[in-house]
Amino acid sequence: MDPIRRGDIWTVTLVGHPKPRPGLIVSIDAVNDLCPDVLIVPLTSHPGPLRVRLTGDLGQTGLRLESFAKCESVGPIYKTRLKRRIGSLSPSDWTGIETGLTRVLGMQE
């Protein structure tokens, strides 16, 4: 299996979803290296109030459609459910992801 790094986009098999979908790795690399699971934010092509639009180049992300990070669905997934690394998040999109996660987790000041 490829190394798992923060900001990578993988196809993942989520519990309760019959087909693989893209997911963004948001856990830090130390956790990714040491733990049997990683933290992901699923990606979707459907906008929503708590979702963050990804603005990066589709070639870099490996996504076929305009996509949104489902920050409201952040959670752990076992590494065995990671199927294939398809790309990575644009550095310019990290600010939006961090803002979305901060809002969803109630960590705003």
Residues of the stretch 67-88 being of a type in the set (S, T, N, Q) and part of a helix (DSSP H, G or I), which ones? SER73, THR80
The lone condition SER88 fails out of (1) out of contact with any Asp or Glu (no Cβ under 7 Å at 6 or more places or on another chain); (2) closer than 17 Å to MET1 by Cβ; (3) of a type in the set (Ser, Thr, Tyr) is (1)
Is there a residue in the stretch 71-89 that is of a type outside the set (Phe, Trp, Tyr) and farther than 18 Å from ARG21 by Cβ? no
From THR61, THR44, which residue is polar (S, T, N, Q), in contact with a Leu (Cβ under 7 Å, 6 or more places away or on another chain) and surrounded by 15 or more Cβ atoms within 10 Å (Cβ to Cβ)? THR61
Scanning the stretch 89-109 residue by residue, the ones that are outside any helix (DSSP H, G or I), among the small types (Gly, Ala, Ser) and surrounded by 13 or more Cβ atoms within 10 Å (Cβ to Cβ) total 1
Given (1) closer than 21 Å to LEU101 by Cβ; (2) of a type in the set (Val, Ile, Thr); (3) surrounded by fewer than 14 Cβ atoms within 10 Å (Cβ to Cβ), where does THR80 come up short, assuming only one miss? (1)
Take the residues in the stretch 9-41 that are surrounded by fewer than 19 Cβ atoms within 10 Å (Cβ to Cβ) and assigned to a strand (DSSP E or B), then tell me which one is farthest from the chain's Cα centre (by Cα). ASP37
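FYI, it's all coordinate maths here, none of it is from the lab. If you're wondering where the values come from, they're calculated on a predicted model, not measured in any experiment. Neighbour counts run over all protein chains shown; Cβ positions are idealised from the backbone, glycine included.
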